[in-house]
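The values are calculated or read from the model by the stated rules, or taken from the named source; none is laboratory data. A quick note: this is a predicted structure, and the numbers were derived from the prediction, not measured. Ideal geometry is used to build each Cβ from the backbone, glycine not excepted, and the neighbour counts take in all protein chains shown. Keep in mind that these areas ignore ligands, DNA and RNA; they rest on the heavy atoms of the full protein, side chains included. Shrake-Rupley method; radii C 1.70, N 1.55, O 1.52, S 1.80 Å.
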Amino acid sequence: MTRPAPEVVPYTDGRFLDVHRPAGGAGGPAPVVLLWHGSGADERDVLRPLAQEAAGLGLLVLVPDFDPQQADGGAAELFASLAVARRIASGFGGDPARFVLAGWSWGGREAVAVATHPSTPAELRPTAAVGIASRYADPAVTTGDAPLDHLAANPAPVPLWLVHGTADDIVDVEHTRELGVAVPAAAVLELPTDHAGVVMTRFSPEARRCVPATDAGTLAAGRRTAAVLAEAAGLA
């Protein structure tokens, strides 16, 4: 099913975020997902297939661009996108009381770090977090600490969901398993796909980036990732 193109909103100088409205015009405010991409600069388009699929489940999905190659590792832009998403979500029919922070690959570490670190301001902390195909033992640019370290020592302040492909040859699934052991309450889903497939894409050597997948197996895996976003947001 073809979904409508997202609305594009500026959130800081030279940076934009896509707004994927929930399908069907369900009554009442929709749960919100802020979805961070990986380590490439300005790759919000890479997450468009997953965002559209999640919007089809009834979520308001916001996907910002940012540049991890900046001097601060992109931390200021990540925090700016979070603050703006919090501020504008209700204007797009979103429910700020059900606000999930999620990320894929590099962005997954940052999402889990911000969601669970004690230094995150209460007004920015999401109600749940989803890490997708990430590693958590590396220090986050947003908090300075590795999520694995502070979560091994302290309980997670919000519920965590973790998704990873068992055929991932970019970020080994053991990284997610390791965090799952440290946070026994985390919901962990392993999918029979690779690093790109878990977000409904495939890597194109010609484009040198991930592009929308078309094969049935990858699409099925991506739909399960979208379902995890919906579950984290409180949708059945």
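Go through segment 104-205 and tell me which helices (runs of 4 or more DSSP H), entirely inside it, have 3 or more residues that are open to solvent by 10 Å² or more (accessible area, probe 1.4 Å) and either over 24 Å from Leu47 (Cα atoms) or in contact with a Ser or Thr (Cβ under 8 Å, 6 or more places away or on another chain) (or both).
In segment 104-205, 147-153, 174-182 are the helices (runs of 4 or more DSSP H) which contain 3 or more residues that are open to solvent by 10 Å² or more (accessible area, probe 1.4 Å) and either over 24 Å from Leu47 (Cα atoms) or in contact with a Ser or Thr (Cβ under 8 Å, 6 or more places away or on another chain) (or both).
Conditions (1) touching a residue at least 40 places away in the same chain (Cβ under 8 Å); (2) touching a helix residue (DSSP H, G or I) at 6+ places or on another chain (Cβ under 7 Å); (3) not small (Gly, Ala, Ser), marked per residue:
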| residue | (1), (2), (3) |
| --- | --- |
| Arg21 | yes, yes, yes |
| Gly27 | no, no, no |
| Val33 | yes, yes, yes |
| His37 | yes, yes, yes |
| Gly56 | yes, yes, no |
| Leu62 | yes, yes, yes |
| Asp72 | yes, no, yes |
| Glu77 | yes, no, yes |
| Ser90 | yes, no, no |
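Say we look at segment 213-235 and pick out the residues that are among the charged types (D, E, K, R) and out of contact with any helix residue (DSSP H, G or I) (no Cβ under 8 Å at 6 or more places or on another chain); which of these is least open to solvent (accessible area, probe 1.4 Å)? Before the answer, list the steps.
Our first condition is that a residue be among the charged types (D, E, K, R); within segment 213-235, this holds for 215, 223-224, 231.
Remaining after also requiring out of contact with any helix residue (DSSP H, G or I) (no Cβ under 8 Å at 6 or more places or on another chain): 215, 224, 231.
Values: Asp215: 75, Arg224: 116, Glu231: 101 Å².
The selected residue is Asp215.
How do the strands (runs of 3 or more DSSP E) wholly within segment 1-50 filter down when requiring 2 or more residues that are of a type in the set (Val, Ile, Thr) and open to solvent by less than 30 Å² (accessible area, probe 1.4 Å): which remain? Spell out the reasoning first.
On the way: elements: 7-12, 15-20, 30-36.
Ranges flagged: 30-36.
Quick one: Cys210 ticks every box in (1) surrounded by fewer than 24 Cβ atoms within 10 Å (Cβ to Cβ); (2) outside any helix (DSSP H, G or I); (3) in contact with a strand residue (DSSP E or B) (Cβ under 6 Å, 6 or more places away or on another chain) except a single one, so which number is it?
Just one mismatch for Cys210, condition (1).
Determine whether segment 146-161 contains at least one residue that is within 21 Å of Gln52 (Cα to Cα), in contact (Cβ under 8 Å) with a residue 24 or more places away in the chain and not hydroxyl-bearing (Ser, Thr, Tyr). Spell out how you get there, then give the answer.
In the first step, residues of segment 146-161 are kept if they are within 21 Å of Gln52 (Cα to Cα); the result is 161.
Cutting the leftovers down to in contact (Cβ under 8 Å) with a residue 24 or more places away in the chain gives us 161.
Checking the rest, the ones that are also not hydroxyl-bearing (Ser, Thr, Tyr) come to 161.
Yes, there is a match, as at least one residue in segment 146-161 is within 21 Å of Gln52 (Cα to Cα), in contact (Cβ under 8 Å) with a residue 24 or more places away in the chain and not hydroxyl-bearing (Ser, Thr, Tyr).
Search segment 59-98 for residues being closer than 20 Å to Gly40 by Cβ and among the small types (Gly, Ala, Ser), and hand back the single one that is surrounded by the fewest Cβ atoms within 10 Å (Cβ to Cβ).
Looking at the filtered set, the residue picked out is Ala71.
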